[in-house]
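The values are calculated or read from the model by the stated rules, or taken from the named source; none is laboratory data. Keep in mind that what you see is a predicted model, and the values were worked out from it rather than measured. Note: ideal-geometry Cβ built from the backbone for every residue, glycine included; neighbour counts use all protein chains shown.
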């Protein structure tokens, strides 16, 4: 499902897409029905973020790679904003709800930039 076709505000998904698409060496594609962003060349691209609508339950979030320890810190500090996502949470990824009040776009942009840098080729 194209994230912009979800029942939530399409502008939200467009803004998220604009942030990720501006990062160097970034490509996007649908993965498991969600829009996902990867960094690197085609043969060595590594996914750093994805939209998330868990089993299409109308909860909208973004998942992103994070350095060791960040997941625990973020979830403990702001459990209404951050969560440990299924499947990729065991790898340290963090989920950030986008449907619980205003999104702090500056903070989200920093998270996405950090995730991108974490997985970018060296």
Test set (1) in a helix (DSSP H, G or I); (2) free of Cβ contacts under 8 Å to residues at least 60 places away in the same chain; (3) under 14 Å from the mean Cα position of the chain (by Cα) - residue 112 fails condition number: (2)
Residue ID - nearest to residue 21 (Cα to Cα), chosen from residues in segment 54-74 that are at pLDDT 90 or above and surrounded by fewer than 17 Cβ atoms within 10 Å (Cβ to Cβ): 67
Every residue from segment 17-53 that is out of contact with any strand residue (DSSP E or B) (no Cβ under 6 Å at 6 or more places or on another chain) and buried (at least 16 other Cβ atoms within 10 Å of the Cβ): 17, 19, 23, 53
Residue list for segment 75-122, filter: on the phi > 0 side of the Ramachandran plot and at pLDDT 95 or above: 92
